[in-house]
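Working notes, beginning with the structure itself.
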Amino acid sequence: MSEVRGRVFNGMRPTGKLHLGNYLGSVINMVELQDDYECYFGIVDWHALTTGYEDTSELQENIFDVAIDWLSAGIDPEKSVILVQSNVKEHVELHLLLSMITPLPWVERVPTYKEQLKQLEGRNIATYGFLGYPVLMAADILVYKADTVPVGEDQLPHLEIAREIARRFNFLYEREVFPEPQAKLTQFPLLPGIDGRKMSKSYGNEIRMSDSPADIRAKVAQMVTDPARIRKTDPGHPDVCVPYQFYKAFSAATHESVAEECRSAGIGCVACKKRLADVITERMAPVHERRQELLARPDYVYDILHEGAQRASQVAAQTLADARAAMNLRDF
Ligand code: TRP
């Protein structure tokens, strides 16, 4: 960290093992940010509770899975602070303080709010906690005075609220306690799932970061290809082919030549998929290797989370001191 550009916070809800879409769309980006920014990466278990409070039986397993996925991808506890949100209690206090100054319409008008209420109809999320989701997210970011937040497009409305809350706080209490966090959009073409829809756990069409070479091969074999290509001698159309999207994402060096072989019917789908499975397996090999090492030492992983929470708390406590002072709260 020679020339640190600023401070990053990124949060991920622990809802299960990460897939290759998460890996390419987010985790790799986090790994790269580590060298230029002071990074705080939070496994946001309270956010998971906003929609999943009824059944918490898998929460700890899910937190561990995210930690392993991050660490095996190269998120480095020497460079970055890795924390479990509920271990850093300062998030709660700031969330409460920010909730005082957040006008109700700001949270009610978030596009995802009403949508999610409808979408997750089976679960009762007409709760106080779920309404406060964006305020909690603002607290996550502002408690570290982070100025940069790497997010996908879907999170922009949330980030906008965080910015508005920061601005409102600074305005009300007449001091610049919080920087306005900026989004750093992660530009990555969405990776389709093996069935061609968006890769998502809820569709069951994902390839996980942790999938073994055999799993990868089996899933790649199921990928949807050009429906117009019935015989191997038919020329294919890579642009409508799921494996080709993966070639583009995983093999910048060969995807053009593969497309050419496909268009000229020089390679059949079965061979093409075998080759793709090898490409993905090879790319994930260092991640898998590291994963095996980590799985053999769970206590080491828990130590990282423990230490991360402590380091995070130190910074967060300083912010709370500033915020409390600005609001005229006092410790006796
Ligand atoms: N809402 C984010 C998501 O679903 C997770 C999140 C919580 C987050 N707190 C954050 C992301 C702070 C960035 C910064 O995916």
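Each value in this text was obtained by applying a stated rule to the coordinates, not by laboratory testing. Everything numeric here is computed off the predicted structure, so don't read it as measured data. Counting neighbours? That spans all protein chains shown, and the Cβs are built from the backbone with ideal geometry, glycine included.
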Checklist entry - Could you give the alpha-carbon Rg of the stretch 17-152 over 2.2 N^0.38 Å, rounded to two decimals? => result 1.10
Checklist outcome for this item: Going fewest to most other Cβ atoms within 10 Å around each Cβ, Arg13, Arg263 line up as Arg263, Arg13
Checklist outcome for this item: Final fewest-first order of Arg208, Arg197 on the 10 Å Cβ neighbour count is Arg197, Arg208
Item to check | Charge dipole (debye, nearest 20) of the stretch 18-162; +1 at Cβ of Lys and Arg, -1 at Cβ of Asp and Glu | outcome: 540
Checklist entry - Which percent, to the nearest 5, of DSSP beta bridges fully inside the chain are antiparallel? => result 10
Checklist entry - Lys/Arg Cβ at +1, Asp/Glu Cβ at -1, dipole of the chain taken about the Cα centre: which of Leu98, Gln245, Pro157 is farthest positive-ward? => result Gln245
Item to check | Residues Gln318 and Arg263, FRET efficiency given R0 of 35 Å [Cβ-Cβ distance, rounded to 0.05] | outcome: 0.05
Checklist entry - If one takes the longest principal axis of the Cα atoms in the chain, at what angle in degrees, from 0 to 90 and to the nearest 10, does the Cα axis of helix 156-172 lie? => result 20
Next on the checklist: Cut-off is 10 Å between beta-carbons; in what order do Phe171, Phe332, Phe9 appear when sorted fewest neighbours first?
Outcome noted: Phe332, Phe171, Phe9
Checklist entry - Applying 1/(1 + (r/R0)^6) with R0 = 56 Å to the Cβ-Cβ distance of Arg109 and Ala253, what FRET efficiency is obtained, to the nearest 0.05? => result 0.75
Item to check | Thr233-Leu156 FRET efficiency (beta carbon distance; Förster radius 41 Å; 0.05 resolution) | outcome: 0.30
Checklist entry - How do 239-248, 176-185 rank on mean C-beta neighbours within 10 Å, highest first? => result 239-248, 176-185
Item to check | Charge dipole (debye, nearest 20) of the stretch 213-292; +1 at Cβ of Lys and Arg, -1 at Cβ of Asp and Glu | outcome: 240
Checklist entry - Cα convex hull of the chain: mean projected area in nm², to one decimal? => result 19.1
Checklist entry - When all alpha-carbon pairs of the stretch 213-292 are counted, what percent fall beyond 17 Å? => result 43
Checklist entry - Which of the listed residues, Val84, Ile216, Gly74, is farthest toward the dipole's positive end in the chain, when Lys, Arg count +1 and Asp, Glu count -1 at the beta-carbon? => result Ile216
Checklist outcome for this item: Here the gain from full extension of Asp299 to Ser200, 0.36 nm per residue of separation minus their alpha-carbon distance, amounts to 32.6 nm
